[in-house]
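*Asks:* Sharing a structure with you now.
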Amino acid sequence: MKEFIKDIIIALVIVLAITLVIKPTIVKESSMEPTLYENNYLFVNKLAYMTKDHPDYGDIVVFKSNIDKEDGNGKKLLIKRVIGVENDVITISEGEVYRNGTPLDQSYTLEGFTSGEISDYVVPQDQVFVMGDNRSISLDSRAEEVGTISEDSIVGKAFLRLYPFNEIGFI
């Protein structure tokens, strides 16, 4: 009986440790296509930014937005790609995105083109500039209701897709 209780306690400790580090997440919309699709099941590392100053360019992050959920129960979690970090200068012109004057590779986006115009926007201290990969429909840092994201509002970094099963792998 002691061995059984010991096994149960070890299992509970493992489950607790995993839930403190990993947040399972389901993609609800299509703003990250073609990288992520609706109903993809992901694991998010909640400790990804505990030991480093800022997210890296290209990281796919889940964050708490200021947008209310449709059911009125809290704020929406959004998932987007990091384009710029504090003090970066972001410009969007004629479909191209520039970070600090250098055009970004947009081959991972759905259209290879970014709508909108932004001129020399400096990302504020402790903020990140994020965009979805499906730029024509993504509600992201280009929109006033989202804006730049406080690093404190980042839940974590998406790192593993578990569903659909034929696409299991690291992101």
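The values are calculated or read from the model by the stated rules, or taken from the named source; none is laboratory data. These numbers come from a predicted model, not from an experiment. Ideal geometry is used to build each Cβ from the backbone, glycine not excepted, and the neighbour counts take in all protein chains shown. SASA here: full protein model, heavy atoms, side chains in, ligands and nucleic acids out. Shrake-Rupley method; radii C 1.70, N 1.55, O 1.52, S 1.80 Å.
*Asks:* Residues of segment 137-166 being basic (K, R) and touching a Lys or Arg at 6+ places or on another chain (Cβ under 9 Å), which ones?
*Replies:* R142, K157
*Asks:* Also, I was wondering about something else. Within segment 137-149, restricting attention to residues that are surrounded by 13 or more Cβ atoms within 10 Å (Cβ to Cβ) and free of Cβ contacts under 8 Å to residues at least 40 places away in the same chain, which residue is farthest from N66 (Cα to Cα)?
*Replies:* T148
*Asks:* Could you check E33 against (1) of a type in the set (D, E); (2) without any contact (Cβ under 8 Å) to a residue 40 or more places away in the chain; (3) touching an Asp or Glu at 6+ places or on another chain (Cβ under 7 Å) and say which number it fails?
*Replies:* E33 satisfies every listed condition except (2).
*Asks:* Go through segment 20-37 and give me each residue that's open to solvent by less than 50 Å² (accessible area, probe 1.4 Å) and in a strand (DSSP E or B).
*Replies:* I22, T25
*Asks:* Do we have any residue at all in segment 81-98 that's closer than 23 Å to N45 by Cα, touching a residue at least 60 places away in the same chain (Cβ under 8 Å) and basic (K, R)?
*Replies:* No, there is no match, as no residue in segment 81-98 is closer than 23 Å to N45 by Cα, touching a residue at least 60 places away in the same chain (Cβ under 8 Å) and basic (K, R).
*Asks:* Taking the residues in segment 91-113 that are in contact with a Gly (Cβ under 6 Å, 6 or more places away or on another chain) and not charged (D, E, K, R) as candidates, determine which candidate is farthest from T35 (Cα to Cα).
*Replies:* Restricting to residues being in contact with a Gly (Cβ under 6 Å, 6 or more places away or on another chain) and not charged (D, E, K, R), the top hit is I92.
*Asks:* What tally of residues in segment 72-103 results from selecting those that are within 26 Å of R161 (Cβ to Cβ) and over 18 Å from the mean Cα position of the chain (by Cα)?
*Replies:* 2
*Asks:* Only residues that are part of a strand (DSSP E or B), of a type in the set (G, A, S) and touching a residue at least 40 places away in the same chain (Cβ under 8 Å): list them for segment 151-171, please.
*Replies:* G156, A158
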